[in-house]
Structure formats: structure tokens, C-alpha cells
1. How compact and how long is the chain, expressed as Rg and Dmax of its alpha-carbon atoms in Å?
2. May I ask you to list the lysines whose Cα is less than 17 Å away from that of K43, ignoring any residue fewer than eight positions away on the same chain?
3. If a/c stays under 1.5 just call it rounded; otherwise compare a/b with b/c (prolate if a/b is bigger, oblate if not). Do that for the range 1-52, with a ≥ b ≥ c from the square roots of the Cα gyration tensor eigenvalues.
4. Using a Gaussian network model of the chain with C-alpha springs under 10 Å, which one of A75, A23, A50 is most mobile by mean-square fluctuation?
5. Pick from L81, L20, L11 the residue whose mean-square fluctuation is largest in a GNM of the chain, springs joining Cα atoms under 10 Å.
6. With +1 on the Cβ of every Lys and Arg and -1 on the Cβ of every Asp and Glu, and nothing else charged, how large is the dipole of the range 60-124 about its Cα centre, in debye rounded to the nearest 20?
7. Normalised by the number of residues in the chain, what is the relative contact order in percent for Cα pairs under 8 Å and 6+ residues apart?
Amino acid sequence: QVQLAESGGGLVQAGGSPRLSCAASGRTVSSFAVGWFRQTPEKEREFVSAINWSGHYTYYADSVKGRFTISKDNARNTVYLQMNSLKPEDTAVYYCAGAAGGATSGTSQEYAYWGQGTLVTVSS
């Protein structure tokens, strides 16, 4: 059973650059794709970014492209989401998710494992 645990959220000023971490257990991150999604009370869960099993392919939503970077550290069994130039509209609970397979996907239904989420609040 794969377990994912996010960390790194909190209150950040607009323009800030926090890094979210997603620590995996039960399976190595080098064997499956990992995605980040986010959700607010007003919106459905939306895709943010994903990285494939090898780390060679990454995928971003248009809203974060050029500002967010996803990466993985196989030795630490952790996937990161570096967020730069944050905007108030980036405020959300951020979830990491593990896919059953190795390919990236922007569809939440493709992900079998989910963390509990970490709240990022961006103040203007």
C-alpha cells in the first residue's frame, strides 16, 4: 500500500517561493508517476503538475507553467513542487497523488493514491 504525505504548506506572501514535499512510503517513487493537484472550497480539484516514473517527463497546467517546477529525489523517495511567484489565486489545499502506472496524467481518476493535503495560503 502506497502512502503519501505532503508538507511545506503555510501562509506565504504574494511573490513568495515555498517548496512542497510529498514523501512516499510502501513503493519507490521511481516506479510510478506522481501528480500534484489543488482544491479550494469554490472549485473542483484541479491538476497542477505531474512527473513520470523516470523523472524525465513533466507536465504542467497552463496556470502554473513557468512558475512551478516538479522534481523527484529517488534517494529520499520524495517528490517536490517548487512554487515561485505565488499569487493569491494559488491559495488552495495541495494534494500529491500516485498513479498506478508510470505515465503522467492530468486526470485525477488516473491516480490511485492520495495524500492528506497541505494548505497554502497566499496573502496579497
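Please treat every number below as a calculation from the coordinates, not as lab data. Computed from a prediction, not measured in an experiment: that's the story for all the values here. Don't worry about glycine lacking a Cβ; one is built from the backbone with ideal geometry, like all the others, and counts go over all protein chains shown.
1. 13.2, 40
2. Straight-distance partners of K43: K87.
3. Values: a/c = 2.11, a/b = 1.59, b/c = 1.33.
Prolate is the answer for the range 1-52, as a/c is 1.5 or above and a/b outweighs b/c.
4. Its mean-square fluctuation being the largest, the pick is A75.
5. Answer for the Gaussian network model of the chain: L11.
6. In total the dipole reaches around 160 debye.
7. Working: 333 pairs, mean separation 45.3, N = 124.
Here the relative contact order equals 37 percent.
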